[in-house]
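Working notes, beginning with the structure itself.
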C-alpha cells in the first residue's frame, strides 16, 4: 500500500492549508449557528412612519379623528404646504408619506359620494403600504356607520370609530415543535459544514492527485512493475478514507454541541446526509485533481467551487432571498440537494412519507453526482494514458 | 542481448523524432547515447520503456517484446530521468523507500536496499531532509538513488548530470561505473561528449532521430579522416610559412590566430615531428606546443557538418 501511504503523506504536508478551512468551519458552525435567528421567524415590532398630514377640509371631526388615529402610528413632520419643499422632503427621505385631505371631503363622504384622499409617497416604500392600510381601515369603518345609521353626527361617527379601532386582539404563538430552535441551529451547523467540507476535500484530494499526475513522477510509476489498476485502487481508497475521515472530524463538534440530540433519528439523518454529500464532493474533487493543470490553481478552484456552490444553494443566504433561476442553476450542484435535505430533516416533526421521498431523492441525486464525476475522471485518465503509451 | 530495437519510428505531427532508429545493447556494457539537444535521445528512451507510443518498429528487452504491461521486464529496469522526479512532500528516505517499494515487496530486504542506495550516492546525512532543502547536485543524487535502489539489471540514465556541480558530476560518473562493475548494464544518454568518452564502453551517436555512428570511442575516431590537432604558440607569422606548413605531408589545414598556429592533420604518423622539424629548420621561434587527438565532436563534425553543441 505504498501509493496509499504516500497519498496521506502528501495530504499531511498540505495540512496547514486544510486546517484553515476547518477553523473557518468551527467559527461558522459554533459561533454563527449559535447566534443565528431565522429571518422568517423574527418577532414583529411596530415602527412609526415619518409623514406629512395636510388638511384643506377645516372644522371636520371625521378628519380630526383620522389624524388622531394615524398620529398614534406615525410621526407628523412639520413641513410647510409648499410643493417644492414637500418634494424635497420626500427626495431626501425626511418623510415617506404625504396625505392631503381635499376641501369638502367630509361633506362628500357623509353624503355617500365617491371621494379620495390625495397621497404622495417615496417610490417602492413598504411603509406606504402600511399607511394605506391604516387610512383604509379608518375610512372603511366610517363608511360602515354612515351607510347604516342615518343622521349620524361627525362627533358621534368619530367616537364610534375611535372606540372600534381601540380594540386589540391578543395573539398567542403556539410552537408545535419544542426543539424548533435547536433544529434550526443543527440545520445551519450542517449547512455551514458544506462549505468547509467542499473546500477541504477539493484542496486535499486535488493537491495529492496533482502530485501523482506530474508527468515525470507518473512516468517513473509507469516504469515500475506496479500495475496501473493497483495504483488507481490505492489512490481511490486513499481518497475515500480521506473523505470519511474529514467527514467524521467535521461531524464530531456536533456531538459536543448537541450531545444526545445527535443520537436521535434527525441527528442520524443529518450525519447520513453529510456522508452522501461527501461522496459527491469526493467525485468532484477527483475530477478536479485530474483536470486542473497547475498546482497553484487548486486553491483558487477549491475556493470558487466551495464558496460559489454554497452561495447559490442557500448556505450563507436563506433560499427565500434567492431567485428561482438561481436556484434552478444551483440544483445542478450537489450542495443544493444537501442543503435541501438538511432543511427537510431540520423542519420535519415526524418522519412522513413525503419527507422520506424528498430526502431519498436528494441522496440519489448526490450519488449520481458522485458516480458521474468519478466516471468522467476515470475516462479522462484512461484516455490520457492510452494517448501516451498505448496504441502500438 | 539486453536491448534490441529495430526500425523504431516516432512522429510528432510532421516532425520525425525517431527515424528508423536501431539499437543493440549487450550485457555488461555502458552504452552511451550521444547527441545534441533535440536529437531524439529522450524520445528513444521513452519509446523503449513503453512510456510513449510509437508509429513503427519493435523493442525487445531481455529477448521479450516490451509493452506497457510487460511487468516482468519492468522489474529488471531502473530509470534515472532527465528531470528530478521525486515527491516534494516526502523526505529523502521516504522517497527512496517509495520507489524501491514499487519493486521490492519484502520489507526487510527493502530497508537494506534503501540504506545501501542512500549510502551509495552519498546522501546519508540528508535522509530526513525534504527535497526542497537539497542543492541541485544532491537532488540529482537522490534522483539516482530512487532509480537504482532496487538493484536493477538494466539501468537507464537519461542526462543525469544536467546542471550539476563538478563534484556531484564526478560522484555520479564514478557511481555509474561502480554499478556497471557490480553487474548492471547501463544506457547513458548525454550531450556531454567528455562524460560519454570517460565512462562508456560503446557509443552511439544520434542526430535527427537516428544513430549515425556506433562503436567504441576508438572505433568512432577511426571512422573519420581527421587526426590530431596541433597547436603551436608563435609570436609572428607570414603567409609563406603558413603555405609551407599546409604543404607538409598529411596536413589538412593550417591557420594562425591569437598568436597560435593551429594545424589539423589527417591520419598518419609523425605529424607533430614534421611540423616541429619545419619550424626548427627555418629558425622560427615558438613557445608551448599542444597535440590533441580527435574528439567525438570531431567525429560528429565530420559526419554531420556541425558541432555537437550546436
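Test residue A:194 against the criterion of being within 14 Å of another protein chain (Cβ to nearest Cβ) and either within 34 Å of the chain's Cα centre (by Cα) or in a helix (DSSP H, G or I) (or both), and give yes or no. First the steps, then the outcome.
Numbers: within 14 Å of another protein chain (Cβ to nearest Cβ): no; either within 34 Å of the chain's Cα centre (by Cα) or in a helix (DSSP H, G or I) (or both): yes.
Here the answer is no, as residue A:194 does not meet what is asked.
Quick check on region A:360-372. Is at least one of its residues surrounded by 13 or more Cβ atoms within 10 Å (Cβ to Cβ), within 20 Å of the chain's Cα centre (by Cα) and over 23 Å from residue A:284 (Cα atoms)?
So far as region A:360-372 goes, no, none of its residues is surrounded by 13 or more Cβ atoms within 10 Å (Cβ to Cβ), within 20 Å of the chain's Cα centre (by Cα) and over 23 Å from residue A:284 (Cα atoms).
Yes or no: residue A:207 assigned to a helix (DSSP H, G or I), touching a helix residue (DSSP H, G or I) at 6+ places or on another chain (Cβ under 7 Å), facing chain B (nearest Cβ under 10 Å) and surrounded by 23 or more Cβ atoms within 10 Å (Cβ to Cβ)?
Working: assigned to a helix (DSSP H, G or I): yes; touching a helix residue (DSSP H, G or I) at 6+ places or on another chain (Cβ under 7 Å): yes; facing chain B (nearest Cβ under 10 Å): yes; surrounded by 23 or more Cβ atoms within 10 Å (Cβ to Cβ): yes.
Considered against the rule, which asks whether it is assigned to a helix (DSSP H, G or I), touching a helix residue (DSSP H, G or I) at 6+ places or on another chain (Cβ under 7 Å), facing chain B (nearest Cβ under 10 Å) and surrounded by 23 or more Cβ atoms within 10 Å (Cβ to Cβ), residue A:207 comes out as yes.
Testing residue B:67 on (1) away from chain A (no Cβ under 14 Å); (2) surrounded by fewer than 17 Cβ atoms within 10 Å (Cβ to Cβ), one condition comes back false. Which one is that?
(1)
What residue, among those in region B:75-106 that are at the interface with another protein chain (Cβ under 7 Å from one of its Cβ atoms), in contact (Cβ under 8 Å) with a residue 40 or more places away in the chain and within 16 Å of residue B:136 (Cβ to Cβ), is surrounded by the most Cβ atoms within 10 Å (Cβ to Cβ)?
B:81
With respect to residue A:282, determine if the residue is assigned to a helix (DSSP H, G or I), assigned by TED's automatic domain parsing to the domain that holds residue A:370, crowded, with 21+ Cβ neighbours inside 10 Å and in contact (Cβ under 8 Å) with a residue 60 or more places away in the chain. Before the answer, list the steps.
Numbers: assigned to a helix (DSSP H, G or I): yes; assigned by TED's automatic domain parsing to the domain that holds residue A:370: yes; crowded, with 21+ Cβ neighbours inside 10 Å: yes; in contact (Cβ under 8 Å) with a residue 60 or more places away in the chain: yes.
For residue A:282, the condition - assigned to a helix (DSSP H, G or I), assigned by TED's automatic domain parsing to the domain that holds residue A:370, crowded, with 21+ Cβ neighbours inside 10 Å and in contact (Cβ under 8 Å) with a residue 60 or more places away in the chain - is met.
Which one is surrounded by the fewest Cβ atoms within 10 Å (Cβ to Cβ), of the residues in region A:48-95 that are more than 22 Å from residue A:165 (Cβ to Cβ) and touching a helix residue (DSSP H, G or I) at 6+ places or on another chain (Cβ under 6 Å)?
Per the stated criteria, the residue is A:79.
Any residue that is out of contact with any strand residue (DSSP E or B) (no Cβ under 9 Å at 6 or more places or on another chain) and in contact (Cβ under 8 Å) with a residue 40 or more places away in the chain - is there at least one of those in region B:178-189? Outline the logic, then answer.
To start, the set of residues in region B:178-189 that are out of contact with any strand residue (DSSP E or B) (no Cβ under 9 Å at 6 or more places or on another chain) comprises B:178, B:181-183.
With in contact (Cβ under 8 Å) with a residue 40 or more places away in the chain added as a condition, the list becomes B:178, B:183.
Yes, that holds for at least one residue.
Going by the conditions given, is residue A:29 more than 14 Å from chain B (Cβ to nearest Cβ), modelled with pLDDT under 80 and surrounded by 18 or more Cβ atoms within 10 Å (Cβ to Cβ)? Please lay out each step first, then the result.
On the way: more than 14 Å from chain B (Cβ to nearest Cβ): yes; modelled with pLDDT under 80: yes; surrounded by 18 or more Cβ atoms within 10 Å (Cβ to Cβ): yes.
For residue A:29, the condition - more than 14 Å from chain B (Cβ to nearest Cβ), modelled with pLDDT under 80 and surrounded by 18 or more Cβ atoms within 10 Å (Cβ to Cβ) - is met.
Any residue at all in region B:223-246 that's free of Cβ contacts under 8 Å to residues at least 24 places away in the same chain, closer than 22 Å to residue B:292 by Cβ and in the same structural domain as residue B:139 (by TED's automatic domain parsing)? It would help to see each step written out before you state the result.
Restricting attention to region B:223-246, the residues satisfying the condition of being free of Cβ contacts under 8 Å to residues at least 24 places away in the same chain are B:236, B:238-240, B:242-243, B:246.
From the residues that got through so far, the ones that are closer than 22 Å to residue B:292 by Cβ too are B:242, B:246.
Right, trim to in the same structural domain as residue B:139 (by TED's automatic domain parsing) and you get none.
No: zero hits.
Give the number of residues within region A:166-185 that are at pLDDT 80 or above and assigned to a helix (DSSP H, G or I).
Here is the first cut: in region A:166-185, the residues at pLDDT 80 or above are A:166-170, A:185.
Going one step further and asking which of them are assigned to a helix (DSSP H, G or I), we end up with A:166, A:185.
Residues that pass the stated criteria total 2.
Among the residues of region B:1-43, count how many are out of contact with any helix residue (DSSP H, G or I) (no Cβ under 8 Å at 6 or more places or on another chain) and in a strand (DSSP E or B).
Adding up the residues that qualify gives 14.
So which of A:276, A:339, A:256 is assigned by TED's automatic domain parsing to the domain that holds residue A:31, farther than 21 Å from residue A:238 by Cβ and either at pLDDT 90 or above or touching a strand residue (DSSP E or B) at 6+ places or on another chain (Cβ under 7 Å) (or both)? It would help to see each step written out before you state the result.
Numbers: A:276 fails: farther than 21 Å from residue A:238 by Cβ; A:256 fails: either at pLDDT 90 or above or touching a strand residue (DSSP E or B) at 6+ places or on another chain (Cβ under 7 Å) (or both).
None of the others qualify; the one that does is A:339.
Look at residue A:192 and say whether it is under 15 Å from residue A:20 (Cα atoms) and either surrounded by fewer than 21 Cβ atoms within 10 Å (Cβ to Cβ) or at pLDDT below 90 (or both). Before the answer, list the steps.
Working: under 15 Å from residue A:20 (Cα atoms): yes; either surrounded by fewer than 21 Cβ atoms within 10 Å (Cβ to Cβ) or at pLDDT below 90 (or both): yes.
It is true that residue A:192 is under 15 Å from residue A:20 (Cα atoms) and either surrounded by fewer than 21 Cβ atoms within 10 Å (Cβ to Cβ) or at pLDDT below 90 (or both).
From the list B:34, B:18, B:52, which one is touching a residue at least 24 places away in the same chain (Cβ under 8 Å), within 14 Å of chain A (Cβ to nearest Cβ) and surrounded by 23 or more Cβ atoms within 10 Å (Cβ to Cβ)? Even if it seems obvious, please write down each step before you answer.
Numbers: B:34 fails: within 14 Å of chain A (Cβ to nearest Cβ); B:52 fails: surrounded by 23 or more Cβ atoms within 10 Å (Cβ to Cβ).
The unique qualifying residue is B:18.
Is it true that residue A:109 is out of contact with any strand residue (DSSP E or B) (no Cβ under 7 Å at 6 or more places or on another chain), modelled with pLDDT of 85 or more, within 16 Å of residue A:53 (Cβ to Cβ) and surrounded by 17 or more Cβ atoms within 10 Å (Cβ to Cβ)? Step through it out loud before you land on a result.
Details: out of contact with any strand residue (DSSP E or B) (no Cβ under 7 Å at 6 or more places or on another chain): yes; modelled with pLDDT of 85 or more: yes; within 16 Å of residue A:53 (Cβ to Cβ): no; surrounded by 17 or more Cβ atoms within 10 Å (Cβ to Cβ): yes.
Here the answer is no, as residue A:109 does not meet what is asked.
Might you let me know whether region A:311-324 holds any residue that is surrounded by 16 or more Cβ atoms within 10 Å (Cβ to Cβ), at pLDDT 85 or above and either closer than 27 Å to residue A:232 by Cα or not assigned by TED's automatic domain parsing to the domain that holds residue A:381 (or both)?
no
Can residue A:145 be described as in a helix (DSSP H, G or I) and touching a helix residue (DSSP H, G or I) at 6+ places or on another chain (Cβ under 7 Å)? Don't jump to the end; show me each part of the working.
On the way: in a helix (DSSP H, G or I): yes; touching a helix residue (DSSP H, G or I) at 6+ places or on another chain (Cβ under 7 Å): yes.
Considered against the rule, which asks whether it is in a helix (DSSP H, G or I) and touching a helix residue (DSSP H, G or I) at 6+ places or on another chain (Cβ under 7 Å), residue A:145 comes out as yes.
Can you find, within region A:6-26, the residue that is farthest from residue A:250 (Cα to Cα) among those that are more than 8 Å from every other protein chain (Cβ to nearest Cβ) and more than 35 Å from the chain's Cα centre (by Cα)?
Result: A:7.
Looking only at region B:200-216, decide whether some residue is assigned to a helix (DSSP H, G or I) and touching a helix residue (DSSP H, G or I) at 6+ places or on another chain (Cβ under 6 Å). Please lay out each step first, then the result.
First, the residues of region B:200-216 that are assigned to a helix (DSSP H, G or I): none.
No: region B:200-216 contains no residue that is assigned to a helix (DSSP H, G or I) and touching a helix residue (DSSP H, G or I) at 6+ places or on another chain (Cβ under 6 Å).
Is it the case, given these coordinates, that residue A:130 is part of a helix (DSSP H, G or I), more than 30 Å from the chain's Cα centre (by Cα) and either crowded, with 16+ Cβ neighbours inside 10 Å or modelled with pLDDT under 85 (or both)? Before the answer, list the steps.
Details: part of a helix (DSSP H, G or I): yes; more than 30 Å from the chain's Cα centre (by Cα): no; either crowded, with 16+ Cβ neighbours inside 10 Å or modelled with pLDDT under 85 (or both): yes.
No: the conditions fail for residue A:130.
So which of A:335, A:361, A:372 is in contact (Cβ under 8 Å) with a residue 60 or more places away in the chain, away from chain B (no Cβ under 14 Å) and within 30 Å of residue A:258 (Cα to Cα)?
On the way: A:361 fails: in contact (Cβ under 8 Å) with a residue 60 or more places away in the chain; A:372 fails: within 30 Å of residue A:258 (Cα to Cα).
Unique residue meeting the criteria: A:335.
The values are calculated or read from the model by the stated rules, or taken from the named source; none is laboratory data. Nothing here was measured: the structure is a model prediction, and the numbers come from that model. FYI the Cβ positions are ideal-geometry reconstructions off the backbone, even for glycines, and counts take in every protein chain you see.
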